[in-house]
Amino acid sequence: MTAPLFQPITLDRLAFPNRIAVAPMCQYSADDGSASDWHLFHWMNLAMSGAGMITVEMTNVERRGRISHGCMGLYSDRNEAAARRVLDAARRVALPGAKFGVQLAHAGRKASNQRPWEGGGPLGPNQDPWPVVSASAIAYDEGWQVPHALTEEEVQQVIRHFAEAAQRAERAGFDFIELHGAHGYLIFQFLSPLSNHRTDRWGGPLENRMRFAVEVARAVKRAAPRLMLGARLSVTDWVEGGFDVPEAVEVAKALKAEGVAYICCSSGGNSPRQKLPSGPGYQVHLAEAVRKGAGMPTRAVGLITEPAQADAIVAEGRADMVALGRALLADPRWGWRAAVALGATPHPAPQFARAAPTMEHWARQA
């Protein structure tokens with residue numbers, strides 16, 4: 001019998017050859033939002049990893065929505081053409097049946113930051129910073145910019161930017177879109193009561209705080225109806241009085257009603273006061289809770305590194321897919337190794353096929 005991790009799955013008519021997903025990982029290596037030669041290498045590498053679902057990094061719907069000067073975007077013709085070039089190359093070497101998606105986002109109050117290896121945190125006065133926006137005029141932390149609270153008209157404009165980016169994603173050739181409603185970026189800034197103190201129809205009770213996420217999903221689905229739509233959520237703030245699991249279940253239900261096909265269940269990122277636990281699979285219970293509570297497919301993510309661990313998550317019905325980030329950076333052929341370890345057949349690119357016996361030997365020695 002095929003290991004659960006290697007059984008195919010279909011989400012909103014889009015078929016994936018296995019349950020392994022590449023988690024979106026910022027590379028901070030774009031040129032005014034446009035994919036670079038680094039992305040050419042990186043996406044082609046991910047395409048050959050053995051993962052059936054490849055979600056490329058957080059890609060911002062407007063220039064001011066970027067985390068850093070090096071972050072990806074889909075807000076210009078140049079961005080769109082660059083994404084198409086890199087995606088076409090990745091498809092040529094990908095696992096048969098693998099699907100590619102882009103994570104559309106806006107960093108909100110966490111924009112205008114340095115790249116991690118340059119120190120992180122807000123850009124200094126001599127580093128070409130830009131004004132940031134959010135649901136409310138509440139800074140992420142001491143020393144960070146106080147964001148401009150978006151007006152009604154500006155909220156609608158951002159929603160239009162999401163729709164326009166979705167159309168660019170479709171023209172570039174992506175198979176699906178994932179909305180980034182996690183890690184303290186703009187969609188989540190509206191969701192969380194820690195960052196949303198509005199008193200209009202976009203704030204207050206959960207029904208209002210989730211309105212922005214729902215309206216973005218609706219606009220994206222209308223703009224690119226042929227693309228499967230998913231979403232990533234921080235299921236909890238890990239802060240008392242913040243966004244929590246029961247609220248996440250209600251948001252997932254509302255997104256499901258708008259045609260969202262899966263929820264990738266992450267957590268945190270919205271407050272420096274968070275008390276985030278750690279350890280292998282520390283967020284899997286969140287994917288399990290949303291899967292059961294909302295009655296929809298979920299993707300588990302967070303320190304999932306071993307094939308047996310990933311397979312058990314799917315086999316036990318705790319999530320429908322697993323997403324890996326750091327593990328795939330450390331081992332770009334993780335999917336091959338998992339196949340060998342779980343008794344499935346690896347599918348390396350023909351040029352790399354001679355390595356399969358070596359990997360099988362390593363698996364026997366493990």
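In what order, largest first, do 91, 232 sit by accessible area if the probe radius is 1.4 Å? List each step's numbers first, then the result.
On the way: 91 85, 232 15 Å².
Order by accessible area, largest first: 91, 232.
Given a cut-off of under 8 Å on Cα pairs at least six residues apart, what relative contact order in percent is computed for the stretch 277-349? If you can, show how the numbers build up before the last one.
On the way: 91 pairs, mean separation 19.8, N = 73.
In percent, rounded to a whole number, it is 27.
Counting heavy atoms of the protein chains only and a 1.4 Å probe, report the per residue accessible area for the stretch 219-366 as a whole number of Å². Each step should come with its number before you reach the end.
On the way: 6590 Å² over 148 residues.
Averaged over the residues of the stretch 219-366, the accessible area is 45 Å².
What's the lysine pair count for the chain at a Cα cut-off below 18 Å, pairs eight or more apart or interchain?
On the way: 221/253; 221/256; 253/292; 256/292.
Value for the chain: 4.
Whole angstrom only: what separates the Cα centroid of the stretch 166-203 from the Cα centroid of the stretch 77-122?
Using only Cα atoms, the two centres lie 16 Å from each other.
Alpha carbon centre of the stretch 251-316 versus the stretch 219-236: separation in Å?
So the two Cα centres are separated by 16 Å.
Could you sort 40, 186 by accessible area so the largest value comes first, with the probe set to 1.4 Å?
These residues rank, largest area first, as 40, 186.
Under the definition of Cα pairs under 8 Å and six or more residues apart, what whole-number percent is the relative contact order of the stretch 110-172? Write out the running numbers ahead of the final one.
Working: 56 pairs, mean separation 13.4, N = 63.
So the answer I get is 21 percent.
With just the Cα atoms of the stretch 105-175, tell me how far they stretch along each of the three principal axes, in Å, largest first.
Rounded to whole Å, the extents work out to 38, 32, 18 Å.
Rounded if a/c is under 1.5, else prolate if a/b beats b/c, else oblate: with a ≥ b ≥ c from the C-alpha gyration tensor eigenvalues square-rooted, which is the stretch 119-215? Before the final figure, lay out the partial values.
Working: a/c = 1.89, a/b = 1.14, b/c = 1.66.
Judged from the Cα gyration tensor, the stretch 119-215 comes out oblate (a/c at least 1.5, b/c at or above a/b).
Where the accessible area of the stretch 21-60 is counted over protein heavy atoms with a 1.4 Å probe, how much of it, in %, is carbon and sulfur? Each step should come with its number before you reach the end.
Details: 570 of 950 Å².
Answer for the stretch 21-60 is 59 percent, counting heavy atoms of protein chains only.
Whole-Å semi-axes of the stretch 157-274's equivalent ellipsoid, largest first, each the root of 5 times a Cα gyration tensor eigenvalue?
Numbers: eigenvalues 119, 41, 31 Å².
Sorted largest first and rounded, they come to 24, 14, 12 Å.
Which three extents, in angstrom, do the Cα atoms of the stretch 249-299 have along their principal axes, listed largest first?
32, 22, 14
Viscosity 1.567 mPa s, temperature 4 °C: Stokes-Einstein D of the stretch 20-139 from its Kirkwood Cα radius, in µm² per second?
Values: Rh = 14.9 Å.
Translational D for this selection: 87 µm²/s.
Return one quarter of the surface area of the convex hull spanned by the alpha-carbon atoms of the chain, equal to its mean projected area, in nm².
On the way: hull surface 69.1 nm².
Approximately 17.3 nm², given one-decimal rounding.
Based on the alpha-carbon gyration tensor of the stretch 48-106 and its eigenvalue square roots a ≥ b ≥ c, which shape applies: rounded if a/c is under 1.5, prolate if not and a/b is larger than b/c, or oblate?
On the way: a/c = 2.91, a/b = 1.89, b/c = 1.54.
Since a/c reaches 1.5 and a/b is larger than b/c, the shape of the stretch 48-106 is classed as prolate.
How would you classify the stretch 279-366 from its alpha-carbon gyration tensor, with a ≥ b ≥ c the square roots of the eigenvalues: rounded for a/c under 1.5, else prolate if a/b is greater than b/c, otherwise oblate?
It is prolate, given that a/c is not under 1.5 and a/b is the larger ratio.
Once Lys and Arg get +1 and Asp and Glu get -1 on their Cβ, which of 193, 148, 183 lies farthest toward the positive end of the dipole of the stretch 144-296?
183
Hey, what's the per residue convex hull volume over the C-alpha atoms of the stretch 76-120, in cubic angstrom? Each step should come with its number before you reach the end.
On the way: hull volume 5.9 nm³, N = 45.
About 130 Å³ per residue, rounded to a whole number.
Compute, for residue 151, the solvent-accessible surface of its heavy atoms (probe 1.4 Å) with the complete set of protein chains present, and express it in square angstrom to the nearest 10.
Answer for residue 151: close to 60 Å² accessible.
Report the charge-dipole magnitude of the stretch 86-227 in Debye, nearest 20, computed about the Cα centre from +1 at each Lys and Arg Cβ and -1 at each Asp and Glu Cβ.
Working: 17 positive and 15 negative charges, 121 e Å.
The dipole of the stretch 86-227 has a size of about 580 debye.
Quick check for you: with a 1.4 Å probe and neighbouring chains kept, what is the accessible area per residue of the stretch 25-152, in Å²?
Working: 4740 Å² over 128 residues.
Heavy-atom SASA per residue in the stretch 25-152 reads 37 Å².
Which value, in debye to the nearest 20, describes the size of the charge dipole of the chain about its Cα centre when Lys and Arg Cβ atoms bear +1, Asp and Glu Cβ atoms bear -1, and nothing else is charged? Mind showing how you got there, number by number?
Numbers: 39 positive and 36 negative charges, 157 e Å.
Roughly 760 debye for the chain.
What's the long-distance tail for the stretch 67-190, i.e. % of Cα pairs beyond 19 Å? Before the final figure, lay out the partial values.
Values: 4198 of 7626 pairs.
Tail of P(r) above 19 Å: 55 percent of Cα pairs.
The values are calculated or read from the model by the stated rules, or taken from the named source; none is laboratory data. Remember, it's a predicted structure, so these values are computed and weren't measured experimentally. Here Cβ is always computed from backbone atoms with ideal geometry, including for glycine, and neighbour counts include all displayed protein chains. These accessible areas exclude ligands, DNA and RNA; they are computed on the full protein's heavy atoms, side chains included. Shrake-Rupley method; radii C 1.70, N 1.55, O 1.52, S 1.80 Å.
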